[in-house]
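The values are calculated or read from the model by the stated rules, or taken from the named source; none is laboratory data. Just so you know, these numbers come straight off a predicted model, no measurement behind them. Positions of Cβ are backbone-derived with ideal geometry, glycine not excepted, and every protein chain shown enters the neighbour counts. To get the accessible areas, we keep the full protein, side chains included, count just its heavy atoms, and leave off ligands, DNA and RNA. Shrake-Rupley method; radii C 1.70, N 1.55, O 1.52, S 1.80 Å.
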Amino acid sequence: MRVYKLLKGTIFLLLLVLVACNSTTEAQQEPRTVNREGKAYLVQDSVLITTRDGAKISAIIVRSKAETKPQPTILFHTIYTRKDDINRAYEAADKGYVGVVSYTRGKHLSPNTITPYVHEGNDVYDVIDWIAKQEWSNAKVGMYGGSYAGFVQWASMKEKVHPALKTIVPSVAAAPGIAEPMENGVYFNFHYPWWHYVTNNKTLDTTSYYNGKRWNELYLNWYKKGVAYKRLDSLDGLPNPGFNEKLKHPTFDNYWKGMTLYNKTDFAKIDIPILSTTGYYDGGQFGTMHYLKSHYQYHTNAEQYLLIGPYSHFGAQEHPEKHILGYDIDPVAQIDIKAIIFQWFDYIFKGANKPALLKDKINYQVMGTNTWKHASSLDKMATDTLKVYLSQQRSGVAFKSTYDTGNLGVNEHFSLAHTADASSYIEQTIDMSDRSQFSWNLSGNRNLVSNTLTVGQGFSFATEPFEEDTELTGAISGVLNLSINKKDFDCNVLLYEQTADDQFFSLTLPFTTRASMSKDIENRNLLAPNEKTAIPISNFRMTSKMLKKGSRIVVLVNGIKHPFSQINYGTGKDVSDETIKDAKEPLTIKWYNDSYINIPIHKH
């Protein structure tokens, strides 16, 4: 009995030691002093924060040793684990904040399975809650970051807004199920290698991700063989469960709704000030505008500011490129977005002035004018609308055209007319079984300015030349009235300025949609073959440019068949299941001449 009691006591003491050790490992790592560039910091780089469901979130904390009072915290939560992430925390500390960098569960020192998207809402909320309880915190937290790091800021408010969260600055924010990995129902291939990039190890698998040859060969192999989209990983020879899991949810269902803000319940409660940044050439503008418009719609007094200019996905996050895809942006657009972000934090936390560039809710740079403009709402950006119809009449304007085969030829625009003809149409035929050519437009063209226009198998439509300089500002909208001989198809619309000297300037990224999901991303509504139907253009990316006298606006329309996104064969089955055997008769599209485009114009 004495031996039993002694053994029992020993086990109890061991358990106490284990508990104490675990407590020390989790979030109780003692800060060490680091001297850097003449300044002393308190650094904790191996912190583990426990979430409500027992997962561990890895975090880095940097404080100025000279600060003795509790401070506000700047949090950067990301899935992209890099060695220099600690510099973000140092930067925040240098600017009078506690700097915290935390990672998606499973990343960095977290022992859990790497799980993108799914848990971020609760996990980030729990990280904020943990920060607010620390002795160095004054229970005021701000967040910033772009793309995935933009998404997590919104996701943290899915359940409710934490009382300590005082502001967010989401840049080029991802919106799962709405803006990625699909857009209006169409999945894009570039998401495929992303899953290997972020889940193959605790940091980032740069070796595979930057192997462009591997991915291009995979896409071309898939395209030529015509196998099902969900078999991409079989062709690759390496399982990609994360990518395949997303393919199981082709509509905006409960899977996506659980991780993304999307309705009145989600947005009406968000009453903190927000600064969003994006660009005219940012794929993530789609997500940014979803959050912005929804916040404005569901919260009548939403305090959200938008900063937008001629920026790419990466440029709109911190430091815009001076030269983007062959275009030299105006000097006034060459701003330091990162500096503006911290000016915003000083405005929120320290009573400083609001960043000077934010003169109103919507702040946008008009390309070609070297000026910024400001509006109280998206609707107030334009003062007029130019409504034009897709006409079957030729414009009489010849231009150099690059075909999908790479050959150069001469083409002629159809007209963008001021009157509609509901009975006439232009017919397009795309043979989905013919893999000798693509039906594409912008794919592969990496310049915003070009002497030629890539039309592919589609059609281009042009306005008459403008008689004076005209400012196009906002997002085009409209309706494509069409009929097809199948149950579904995917298409895109592109927008250009054709200058008086026949240069083509890409005004923003393409609009892409699946016909069956163009009106409702929650439910797929198949088309009745050979019956005229309306496909709305309702979420085109916005842009702003001064069109010079003599310029025309050019609109391209086309069905989609190329190696860089899903191929919709039109059977009505799940597109990820379709194969080249489903192609059968060629797709016939009748683009009716009562299809129209609304072009937002600002008159001075």
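The table that follows gives values for the structure above.
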read-out	value
In the range 46-72, the residues that are over 26 Å from the mean Cα position of the chain (by Cα) and under 21 Å from Trp154 (Cβ atoms)	Ile49, Thr51, Arg52, Asp53, Ala55, Pro72
2 or more residues among the aromatic types (Phe, Trp, Tyr) and crowded, with 17+ Cβ neighbours inside 10 Å: qualifying strands (runs of 3 or more DSSP E) within the range 318-423	384-402
Of all residues making up the range 222-249, the number that are of a type outside the set (Ser, Thr, Tyr), open to solvent by 50 Å² or more (accessible area, probe 1.4 Å) and assigned to a helix (DSSP H, G or I)	6
Pick from the range 27-78, criterion under 21 Å from Val141 (Cα atoms) and acidic (Asp, Glu), ranking: surrounded by the most Cβ atoms within 10 Å (Cβ to Cβ)	Asp45
Some residue of the range 114-124 being surrounded by fewer than 24 Cβ atoms within 10 Å (Cβ to Cβ) and either of a type in the set (Asp, Glu) or free of Cβ contacts under 8 Å to residues at least 24 places away in the same chain (or both)	yes
Verdict on Asp501 being surrounded by fewer than 19 Cβ atoms within 10 Å (Cβ to Cβ), without any contact (Cβ under 8 Å) to a residue 40 or more places away in the chain and more than 27 Å from the chain's Cα centre (by Cα)	yes
Restricting the range 542-557 to residues that are among the basic types (Lys, Arg) and either crowded, with 24+ Cβ neighbours inside 10 Å or in a strand (DSSP E or B) (or both), the residue that is nearest to the chain's Cα centre (by Cα)	Lys545
Count - residues of the range 250-293 that are farther than 30 Å from Tyr229 by Cα, open to solvent by 10 Å² or more (accessible area, probe 1.4 Å) and part of a loop (DSSP other than H, G, I, E, B)	6
In the range 521-531, the residues that are closer than 29 Å to Asp253 by Cβ, out of contact with any Phe, Trp or Tyr (no Cβ under 6 Å at 6 or more places or on another chain) and open to solvent by 50 Å² or more (accessible area, probe 1.4 Å)	Asn523, Arg524, Asn525, Leu526, Pro529, Glu531
Every pair of residues 6+ apart whose Cβ atoms lie under 6 Å, when the first sits in the range 84-105 and is closer than 15 Å to Val152 by Cα while the second is part of a helix (DSSP H, G or I) and open to solvent by less than 20 Å² (accessible area, probe 1.4 Å)	Val101/Asp85; Val101/Ala89; Ser102/Val127; Arg105/Asp123
Qualifying residue in the range 165-185 (condition: in contact (Cβ under 8 Å) with a residue 24 or more places away in the chain, surrounded by fewer than 18 Cβ atoms within 10 Å (Cβ to Cβ) and β-branched (Val, Ile, Thr))	no
Candidates Ala375, Ala302, Ala356, filtered to the one that is in contact with a helix residue (DSSP H, G or I) (Cβ under 7 Å, 6 or more places away or on another chain) and among the aliphatic types (A, V, I, L, M)	Ala302
The range 193-210, residues that are in a loop (DSSP other than H, G, I, E, B) and without any contact (Cβ under 8 Å) to a residue 12 or more places away in the chain	Asn200, Asn201, Asp205, Tyr210
Filter result (modelled with pLDDT under 95 and of a type outside the set (D, E, K, R)) within the range 367-403	Gln392, Gln393, Ser395, Gly396, Val397, Ala398, Phe399, Ser401, Thr402, Tyr403
Top-ranked residue in the range 294-313 [being in contact (Cβ under 8 Å) with a residue 40 or more places away in the chain and outside any helix (DSSP H, G or I); ranked as most open to solvent (accessible area, probe 1.4 Å)]	His313
Residue in the range 455-475 that is assigned to a strand (DSSP E or B), open to solvent by 20 Å² or more (accessible area, probe 1.4 Å) and under 22 Å from Tyr425 (Cβ atoms) present	yes
Residue match in the range 273-286 (condition: small (Gly, Ala, Ser), closer than 21 Å to Ala92 by Cβ, modelled with pLDDT of 95 or more and in contact with a strand residue (DSSP E or B) (Cβ under 8 Å, 6 or more places away or on another chain))	yes
Hits in the range 90-147 (condition: among the acidic types (Asp, Glu), in contact with a Ser or Thr (Cβ under 6 Å, 6 or more places away or on another chain) and farther than 26 Å from Lys69 by Cβ)	Asp123
Residue among Ser538, Ser443 that alone is modelled with pLDDT under 95, surrounded by fewer than 21 Cβ atoms within 10 Å (Cβ to Cβ), within 25 Å of the chain's Cα centre (by Cα) and farther than 28 Å from Ala398 by Cα	Ser538
Long-range neighbours under 6 Å by Cβ, at least six apart or interchain, first residue within 14 Å of Asn244 (Cβ to Cβ) within the range 574-585, second basic (Lys, Arg)	Ser576/Lys230
Test result for Tyr97, modelled with pLDDT of 95 or more and open to solvent by 10 Å² or more (accessible area, probe 1.4 Å)	no
Lys158 vs. criteria part of a strand (DSSP E or B), in contact with a helix residue (DSSP H, G or I) (Cβ under 7 Å, 6 or more places away or on another chain), of a type in the set (Lys, Arg) and open to solvent by 20 Å² or more (accessible area, probe 1.4 Å)	no
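Quick grid of which residues meet (1) within 25 Å of the chain's Cα centre (by Cα); (2) in a loop (DSSP other than H, G, I, E, B); (3) closer than 18 Å to Thr473 by Cα; (4) not hydrophobic (A, V, I, L, M, F, W, C):
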residue: Thr508; (1), (2), (3), (4): yes, yes, yes, yes
residue: Ser516; (1), (2), (3), (4): yes, no, no, yes
residue: Glu522; (1), (2), (3), (4): yes, yes, no, yes
residue: Asp574; (1), (2), (3), (4): yes, yes, no, yes
residue: Ile597; (1), (2), (3), (4): yes, no, yes, no
residue: Ile601; (1), (2), (3), (4): no, no, yes, no
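Yes/no per residue for (1) more than 26 Å from Ile340 (Cβ to Cβ); (2) out of contact with any Leu (no Cβ under 7 Å at 6 or more places or on another chain):
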residue: Ser58; (1), (2): yes, no
residue: Lys65; (1), (2): yes, no
residue: Leu75; (1), (2): no, yes
residue: Ile79; (1), (2): no, yes
residue: Asn87; (1), (2): no, yes
residue: Gly99; (1), (2): no, yes
residue: Arg105; (1), (2): yes, yes
residue: Asn112; (1), (2): yes, yes
residue: Pro116; (1), (2): yes, yes
